[in-house]
1. Any residue at all in the stretch 12-28 that's of a type in the set (G, A, S), closer than 23 Å to P101 by Cα and free of Cβ contacts under 8 Å to residues at least 12 places away in the same chain?
2. Could you tell me which residue of the stretch 76-89 is surrounded by the most Cβ atoms within 10 Å (Cβ to Cβ), considering only residues that are among the hydrophobic types (A, V, I, L, M, F, W, C) and touching a Leu at 6+ places or on another chain (Cβ under 7 Å)?
3. Somewhere in the stretch 80-90, is a residue within 18 Å of the chain's Cα centre (by Cα) and among the aromatic types (F, W, Y)?
4. What number of residues within the stretch 90-114 are aliphatic (A, V, I, L, M) and surrounded by fewer than 16 Cβ atoms within 10 Å (Cβ to Cβ)?
5. Consider R69 carefully, then state whether it is closer than 30 Å to K120 by Cα and loosely packed, with under 15 Cβ neighbours inside 10 Å.
Amino acid sequence: MRKLIIIAAASGALAVVLGAFGAHGLKSLLTAAQLNTFETGVRYQMYHALALLALPVLIPLADLRWLRRAGMAFILGTLLFSGSLYMMVLLQAAWAGPITPVGGGLFILGWLALIIALWKGQRHD
């Protein structure tokens with residue numbers, strides 16, 4: 001879980017850097033639609049960085065194998081979802097468009113894995 005926390009912190013820091021870059025460095029270079037796409041990538045990256053940070057807190061309540069699967073799905077989802085949006089905007093890589101929903105699917109699988117982790121975990125109710 002220590003590695004997940006490090007990855008989460010790095011992803012959160014990168015989301016802040018990219019958000020500032022988008023708001024200040026790219027604002028005059030991008031169309032409103034491109035800026036919106038970039039900001040969507042930043043937003044989802046931050047959401048899932050925070051979700052990753054929360055996973056270790058859930059260890060006493062959850063099945064560790066499924067908790068790790070959730071973490072991996074969040075990491076891969078961020079790379080594919082946010083990464084493809086960044087590539088589409090910054091590199092004009094239209095080919096990256098079909099990758100975005102794969103990343104979104106991994107986000108969904110991550111949340112489902114978290115539900116399973118909590119369902120299978122130790123019950124304290």
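1. So the first thing to find is which residues in the stretch 12-28 are of a type in the set (G, A, S), and the list is 12-13, 15, 19-20, 22-23, 25, 28.
Restricting the remaining residues to those that are closer than 23 Å to P101 by Cα gives 12, 15, 19, 22.
Applying the additional criterion that residues be free of Cβ contacts under 8 Å to residues at least 12 places away in the same chain yields none.
Within the stretch 12-28 (the criterion being of a type in the set (G, A, S), closer than 23 Å to P101 by Cα and free of Cβ contacts under 8 Å to residues at least 12 places away in the same chain), the answer is no, since none of the residues qualifies.
2. V89
3. Yes, some residue in the stretch 80-90 is within 18 Å of the chain's Cα centre (by Cα) and among the aromatic types (F, W, Y).
4. The total comes to 6.
5. Taking the combined requirement at face value, the residue does not satisfy it.
We did not get these values from a lab; they are worked out from the coordinates using the rules stated. From a predicted model like this one, the values you see are computed outputs, not experimental measurements. A quick note on method: Cβ atoms are made from the backbone with ideal geometry, for glycine too, and the neighbour counts reach across all protein chains shown.
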